[in-house]
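Presented below is the structure to which this report refers.
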Amino acid sequence: MSPSVTVSSDSSPKRSSSPETIISGASLVKSPEERKQLHLTGLIPGGISTLGLEESLALEQLRQKETPLQKYIYLACLRNATPDIFYNLVAHHLKEIAPIIYTPTVGKACQEFSHIYPSIAPLNHPDGLYVSLNQVDNIDEIIQNYRHSAVSPDDPQITVITDGSRILGLGDLGMNGMGIPIGKLQLYVVAGGLDPRRCLPIVLDFGTDNQKYLDDPHYLGLRQKRPDDNVFYAACEKVISALHRAWPGMFIQFEDFSTEHAFGLLELWRNRVQSFNDDIQGTGSVILSGFIRAVELAGIDPLKQRILFVGAGSAGVGVAKQLVDYFVIEHGIPEDQAKRMFWLVDSRGLITANRGDKLAPHKVYFARDDNDDTQCPDLSSTVDYVRPTALIGLSTIYKAFNDEILAKMDQINQHNRPIIFPLSNPETKAECTFEEAMKATNERVLFASGTAFPNYTTKSGEVRVPGQGNNMYVFPGIGLGAVLARPAKITDTMIFAASKALANSVNDDEIKAGDLYPRIERIREVSARVAAAIIHQAVSEGLVEDKEYIDTVGPIEANKKPDGSFSQATLKKVQDNMWSPPDSHISYSQVKL
């Protein structure tokens, strides 16, 4: 039986007085004296290894796996067996491994989660909370069970919580959606410097409307249809209230809830606990950052942008509202004028106030009332009508930006650079590829996607790197800032400051290359800057009580708009408090069997 472990930051080897405690990764013990001290002489091979050698071996094993899902399973097993090796491996090879532990492979892993769970589940400590609808009245007991079984005595600092009802662009995956909180928290650790022992993934197993899983004998979730709204919100109230009672300082990230519930939960909780919705606020923040850079490069007055969104779910509306805030805050125009720069398309075409159907509440804000009798039933006719300078896709419709649409964007924007952001993921849901957008626009496009695409070599031989509007650029920094300074709540202006900090993080080399985002290899540096900007803005809004952080920010300029700035003292304090995986084998792991 392979033990599950957590990484210890203590630099000295220890053995618990409990006979049920062992040292994991014992082959890394470097000297006979240490082996004798730990009672391991003769119990492990005689050869002496190092963490670096073990990491290189793990990378070799990873690269031998034939499919992304096989690689995912291997990494999950490695994380549970020797997390020190796992987190070093991910940190040192993030560009290669992030698409495995996060999008796009995590989507496939979620679809197969019940089938692969026996192979990846920790055998002797929980990997999170599985809160069934029929157990919400026992949530305090569930929390106590977690405390009893957890490998760390410290309270969790952060949770990512989902009900699996809208996983990426894949729909309702039920309990299988647990792969998303697990994956997000791995990135919180590697990209944001959160302690892995204090990260808690949670899935609310409230059933599923996906008949495929209800009929699957291997499905491990609750076998019933999802409840109505009254039952859903009452159950969430019990769970979140209990979590807040048990761990009042814990930051809560809502993830991949259905559109209506995503907005509903955010409005219910954003002023009561430290909480954040990554699909609404995180997506909006990272896309705003790339959009800020794109607007600077587009070659037209920012206020002449005509922005067309394809997809009007929680992510689409969330991003659009963030961009409205940008024009209001950055360019000082009234909100109603900024809103007029946006058009949204859903499955029935252009969203208008007189379309004849009952609009969902979150769509009403952007419903056009200046269209007279014009109705556009599809994307092609909408593009003809709107003549957009920017096309942003959150539709989850594969190839929605087809050759016809891309050709129209090129023709409309002959005198400026078109902005095309196909943001749906995984790749099987992307509206178009980088190559397609480059070819259709004579290589002029300002591009960002939600999933990774290959580099493109231009006709002149120049290699272009596609921008990826990946939430990984912002949510680790937002969570890190919240965990460290513990502001009373996360405000829209704090999220805006995060966007500005990310945009400001693009360095000279990246600017010269025309990049919209920093290179992924700099993610920890970027996360620290985002966290510092979050803390600076929170202090300026009077939401932080910790005097140490207040002092690092220094004097606050009155009525200053959020611009992503921060002091070097704040940045240093953030960096000093970021967790890193141990870089040598002398840091051991203690586990309960």
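Among the protein heavy atoms of region 324-364, carbon and sulfur supply 50% of the accessible surface, probe 1.4 Å, non-protein parts ignored. Just to confirm a number: summing +1 for Lys and Arg and -1 for Asp and Glu over residues other than residue 326 whose beta-carbon lies under 14 angstrom from that of residue 326, what do you get? Local net charge: -1. Computed per residue of the chain from DSSP H runs no shorter than four, each worth -39500 (n - 2.57), the mean residue ellipticity at 222 nm is -12500 deg cm²/dmol. Per residue, the accessible area of the chain comes to 40 Å², computed with a 1.4 Å probe over protein heavy atoms only. Straight-line reach from residue 561: taking Cα to Cα under 29 Å and skipping same-chain neighbours fewer than 8 places apart, the lysines in range are 304, 321, 339, 363, 489, 500, 512, 547, 572, 573.
The charge dipole of region 153-248, taken about its Cα centre with unit charges on the Cβ of Lys, Arg, Asp and Glu (plus for the first two, minus for the last two), comes to roughly 140 debye. Our summary gives region 324-442 a relative contact order of 20 percent, counting only alpha carbon pairs under 8 angstrom and 6 or more residues apart. Free of any GluC sites (Glu not before Pro) that DSSP assigns to a loop and that have at most 13 other C-beta atoms within 10 Å, the longest stretch within the chain is 67-461. For the chain, the longest principal axis of the C-alpha atoms and the axis of helix 139-149 are separated by about 50°. Qualifying trypsin sites (Lys or Arg not before Pro) in region 486-589, where qualification requires a DSSP coil assignment and no more than 15 other C-beta atoms within 10 Å, comprise 519, 560. Our note on the geometry: Cα centres of region 111-168 and region 29-71, 29 Å apart.
Against the chain, whose longest principal axis is taken from its Cα atoms, helix 229-246 shows a tilt of about 50°. Using C-alpha pairs under 8 Å with a sequence gap of at least 6, the mean separation divided by the residue count of region 374-513 gives a relative contact order of 17 percent. Once the convex hull of all Cα atoms in region 110-231 is built, its volume per residue stands at 118 Å³.
Using Cβ point charges alone (K and R +1, D and E -1), the dipole size of the chain about the Cα centre works out to roughly 600 debye. Tell me the angle of helix 259-269 to the major Cα principal axis of the chain, expressed in degrees between 0 and 90 and rounded to the nearest ten. With both axes taken from Cα atoms, the answer is about 70 degrees.
What separates the Cα centres of region 251-280 and region 505-561 is a distance of 23 Å.
For region 213-271, with all protein chains in place and a probe radius of 1.4 Å, 54% of the accessible heavy-atom surface sits on carbon or sulfur.
How big is the antiparallel share of DSSP beta bridges in the chain, given as a percent to the nearest 5? Bridges in the chain that DSSP calls antiparallel: roughly 20 percent.
Under the criterion of Cα pairs below 8 Å and six or more residues apart, the relative contact order for the chain equals 17 percent. Taking amide H positions as modeled 1.01 Å from N, with prolines and chain starts lacking one, the residues under 5 Å from residue 132 and 5 or more places away or on another chain are 205. Taking the Cα centre of region 139-209 as the origin and placing charges on Cβ (Lys, Arg +1; Asp, Glu -1), which of 203, 159, 183 is farthest toward the positive end of the dipole? In region 139-209, that residue is 183.
The values are calculated or read from the model by the stated rules, or taken from the named source; none is laboratory data. For clarity, every value in this text was computed on a predicted model and none was experimentally measured. Every residue, glycine among them, receives a Cβ derived from its backbone with ideal geometry; neighbour counts consider all protein chains shown. Accessible surface areas use protein heavy atoms only, side chains included; no ligands, DNA or RNA. Shrake-Rupley method; radii C 1.70, N 1.55, O 1.52, S 1.80 Å.
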